[in-house]
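One structure is given below, encoded as structure tokens.
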Amino acid sequence: MKHDFLIGRATPRDSQGILDCLRQAFELYRQCYTDLAFADTVLTPETLQRRQSEMQILVAVDPANRVIGTVAFGVTDREGHVRGMAVLPDYQGCGVAAALLTRVEADLRELNCISVTLETTGLLTRAIHFYEKNGFSRTAEIFSFFGMELLGYRKDI
């Protein structure tokens, strides 16, 4: 099913929509996360505000201006890093994540980045398939994330 949406930079009025999107997207996997890992994934108003001060946050919004997808990215030494990619369940598989990732990569290229990294848990097999389909390769890095393992991925852009 085709859905109309626009991608743009998040504004303070998008905060509750971002929190709702993260929670709904990850709720299905809640039992697989430690409590601290889940809290850091879905954020709180305070941790979202911290992320907004440290990273760029993009949102996908539907014609009613409802947040249906989100992603954050930051830059260190010409390398971008992606966090918090989420799409509402009803919009998954409709091109929202691909559009968000395309915009992230375009913004990172404008910032003279040559690569982009991310981490994801092995439990999120659909996300792993999406990232690999979009040119990300698994690195040898494994990160500890509040009692869970995160797998490192990288892509040259």
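The values are calculated or read from the model by the stated rules, or taken from the named source; none is laboratory data. Only a predicted model underlies this, so the values are computations on that prediction, with no experimental measurement involved. Don't worry about glycine lacking a Cβ; one is built from the backbone with ideal geometry, like all the others, and counts go over all protein chains shown. Protein only, heavy atoms only, side chains kept; ligands, DNA and RNA dropped before computing areas. Shrake-Rupley method; radii C 1.70, N 1.55, O 1.52, S 1.80 Å.
What to note about this one:
- With a cut-off of 20 Å on the backbone N, the residues of the stretch 71-114 near the modelled label site 7 Å out from SER53 along Cα-Cβ are 72-76, 83-84.
- Three-way shape label, the stretch 81-157, alpha-carbon gyration tensor, a/c 1.5: oblate
- Approximate spin-label separation GLU141-LEU124, in nm, with each point projected 7 Å along Cα-to-Cβ: 1.5 nm
- In terms of its C-alpha gyration tensor, the stretch 1-70 has an oblate overall shape, because the principal axis ratio a/c (a ≥ b ≥ c, square roots of the eigenvalues) is not below 1.5 and a/b does not outweigh b/c.
- The stretch 55-94 and the stretch 128-147: distance between their alpha carbon centers, rounded to Å: 17 Å
- Simple point charges give the picture: +1 on the Cβ of Lys and Arg, -1 on the Cβ of Asp and Glu, and for the chain a dipole about the Cα centre of about 240 debye.
- In order along the stretch 35-51, the Karplus-derived 3J(HN,Hα) couplings, from 6.51 cos²θ - 1.76 cosθ + 1.60 at θ = phi - 60°, round to 4, 5, 5, 5, 4, 6, 7, 8, 6, 10, x, 6, 6, 5, 4, 5, 4 Hz, and Gly and Pro are given as x.
- A full extension of the chain between TYR29 and ALA98 corresponds to an added length of 22.7 nm, given 0.36 nm per residue minus the alpha carbon distance.
- Ellipsoid fit via the Cα gyration tensor, the stretch 1-143: semi-axes of 20, 19, 17 Å, each the root of five times an eigenvalue, largest first.
- In terms of accessible area, using a 1.4 Å probe and ignoring ligands and nucleic acids, SER115, SER53 rank largest first as SER53, SER115.
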